[in-house]
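The next block holds one structure in the form of structure tokens; read it before the comments.
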Amino acid sequence: METRLKVPLRSFSFEMILRAVLLIAIPLLANAADIWDVTALAKPPKTHEVKTTEPGVRAIFFESVPWKGKSTRVFAYYGVPAGKNLPAMVLIHGGGGTAFAEWVRMWNKRGYAAIAMDTNGTQPETASADKLWNPVRNRHEHSGPSGWGGFAQIEEPITDQWSYHAVAAVISAHSLIRSFPEIDSKKIGVTGISWGGYLTNIVAGVDDRFSFAAPVYGCGFLGEDSTWLKDFEKMGPENAKKWLSHWDPSVHLPHAKIPMLWVTGTNDFAYPMGSLQKSYRLPKGKRTLAVRVAMKHSHPDGAIPEEIFAFADSMVKSRSPLPQITDVQQGKLKFRTSRKIEKAELNYTIDLGKWQDRKWQTVPARLDAKTKTVSADIPVEATVWYLNIFDENGLVVSSEHEYRNTDAASPR
């Protein structure tokens, strides 16, 4: 008589079921060329000037892809310092944000032209000094779908969903800024914060005209361990599979070939370190990590890391690059750099479970500046650890995190 082991369905988590579904669906993962008409988006869009009292920037609408058969426009701020053959940045806000004039001015002061577009169909009002990063936003008559993520839109046509429109807006903004005569089109980078980091991941693999990318917080594998697991569960396995096969950055990152700087914190509530690591290993270009313990998650905190400016300068201004870690193994690393390295540290946690709940400890690591090596004794109770090195200006470069065992990688 045959005996079969019966396992109740409730013993499987939704994440486990979704992962199994996705393994079956891998051959069906979307090709970017089947989603966006990159050739059409590479053409500079038509623009419409908008009056603004924001100092030092122009306000414009540029035309974008249709939504439900109607034309759309995207609001943006553009700012440019004096000069010609300028490098430029495309700036992508995150959830709750919009086009930030202050962000544009920040890059202008560094010698970069910059464009910041709204990806949510809204237009910001002029921000007061205390609301530079939280201006009033109003939906306008030419808007496309609202965000962020567009989970509830998954049964609508692909071209009516938020991620499609948001990525198209970024690519069009890039096409617009590179068309301006004062811009050196070979020296344009992109950076985004949170949902903007998510979009940065996608456009890095879809738009190969960028020189470099710097996603902040954002990563892929949202269906495995992110703050949106309840959204996927609400969608059900089939719709979740559909969303992830089109809009998860992990689908598009393997096509990215440009250098990327990944900036985040150890306890990010939305994009945990496990998913981040799987994401930054996908692109084919060089990667640099800047991971600080308990870095805050916000627009102003995601815009100001000096590592981003230094990384950009090294890409398009021939400035000294950030240190490059060449080897990592069990609490030891080797690096090469032309910068003066001042100190090194070991960051570790003894906790398991959700990444955002793990407590991290920091202790000094041994730095040998002559041999360009760093080493540290890993506490026996440590479950996860990584090393940071700091240059004389306090800029940080991080090693990949390592695990004591596979249990430490699990978010549950």
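The values are calculated or read from the model by the stated rules, or taken from the named source; none is laboratory data. As the structure is a prediction and not an experimental result, all values here were calculated from the model. Cβ atoms come from the backbone with ideal geometry, glycine included; neighbour counts cover every protein chain shown. We work out accessible area using only protein heavy atoms, side chains counted, and drop any ligands, DNA or RNA first. Shrake-Rupley method; radii C 1.70, N 1.55, O 1.52, S 1.80 Å.
Data overview
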quantity: Of the criteria (1) at pLDDT 95 or above; (2) in a loop (DSSP other than H, G, I, E, B); (3) within 22 Å of the chain's Cα centre (by Cα), which one V167 fails; calculated: (2)
quantity: Odd one out for V328, checked against (1) farther than 27 Å from D208 by Cβ; (2) open to solvent by 20 Å² or more (accessible area, probe 1.4 Å); (3) within 17 Å of the chain's Cα centre (by Cα); calculated: (3)
quantity: Wholly within segment 185-272, helices (runs of 4 or more DSSP H) carrying at least 1 residues that are among the β-branched types (V, I, T) and either modelled with pLDDT of 95 or more or open to solvent by less than 10 Å² (accessible area, probe 1.4 Å) (or both); calculated: 195-206, 249-252
quantity: Output for segment 135-156, where each listed residue is under 21 Å from A76 (Cβ atoms) and without any contact (Cβ under 8 Å) to a residue 60 or more places away in the chain; calculated: P135, V136, R137, N138, R139, E141, S146, G147, W148
quantity: Tally, over segment 368-412, of residues that are assigned to a loop (DSSP other than H, G, I, E, B), under 26 Å from Q324 (Cβ atoms) and modelled with pLDDT of 95 or more; calculated: 13
quantity: Checklist (1) farther than 18 Å from N347 by Cβ; (2) open to solvent by 20 Å² or more (accessible area, probe 1.4 Å); (3) of a type outside the set (S, T, N, Q); (4) touching a residue at least 60 places away in the same chain (Cβ under 8 Å) applied to V293, failing item; calculated: (1)
quantity: Residue within segment 81-90 that is under 21 Å from R137 (Cβ atoms) and touching a residue at least 24 places away in the same chain (Cβ under 8 Å) present; calculated: yes
quantity: When residues of segment 335-346 are limited to those that are in a strand (DSSP E or B) and open to solvent by 50 Å² or more (accessible area, probe 1.4 Å), the one farthest from L395 (Cα to Cα); calculated: R336
quantity: Matching option when the condition is among the hydrophobic types (A, V, I, L, M, F, W, C) and open to solvent by 90 Å² or more (accessible area, probe 1.4 Å), among L322, L352; calculated: L352
quantity: Checklist (1) part of a helix (DSSP H, G or I); (2) touching a Lys or Arg at 6+ places or on another chain (Cβ under 8 Å); (3) buried (at least 20 other Cβ atoms within 10 Å of the Cβ) applied to E307, failing item; calculated: (2)
quantity: Residues being assigned to a strand (DSSP E or B) and either of a type in the set (F, W, Y) or modelled with pLDDT under 95 (or both) - total across segment 347-361; calculated: 2
quantity: Hits in segment 357-412 - residues which are farther than 26 Å from F311 by Cβ, surrounded by 15 or more Cβ atoms within 10 Å (Cβ to Cβ) and in contact (Cβ under 8 Å) with a residue 60 or more places away in the chain; calculated: R358, A409, P411
quantity: Matching residues, segment 58-90, being among the basic types (K, R) and surrounded by fewer than 22 Cβ atoms within 10 Å (Cβ to Cβ); calculated: R58, K68, K70, K84
quantity: Residue within segment 315-322 that is touching a residue at least 12 places away in the same chain (Cβ under 8 Å), out of contact with any Leu (no Cβ under 6 Å at 6 or more places or on another chain) and charged (D, E, K, R) present; calculated: yes
quantity: Within segment 155-182, tally of residues that are among the β-branched types (V, I, T) and crowded, with 21+ Cβ neighbours inside 10 Å; calculated: 4
quantity: Segment 132-153: number of residues that are on the phi < 0 side of the Ramachandran plot and part of a loop (DSSP other than H, G, I, E, B); calculated: 14
quantity: Of all residues in segment 127-147 being touching a Ser or Thr at 6+ places or on another chain (Cβ under 7 Å) and under 11 Å from A99 (Cα atoms), the one that is most open to solvent (accessible area, probe 1.4 Å); calculated: R137
quantity: Elements of type strands (runs of 3 or more DSSP E) contained in segment 55-98, each with 1 or more residues being touching a strand residue (DSSP E or B) at 6+ places or on another chain (Cβ under 7 Å), among the acidic types (D, E) and on the phi < 0 side of the Ramachandran plot; calculated: 58-67
quantity: Checking E102 against (1) charged (D, E, K, R); (2) surrounded by 18 or more Cβ atoms within 10 Å (Cβ to Cβ); (3) within 27 Å of W243 (Cβ to Cβ), the condition it does not meet; calculated: (3)
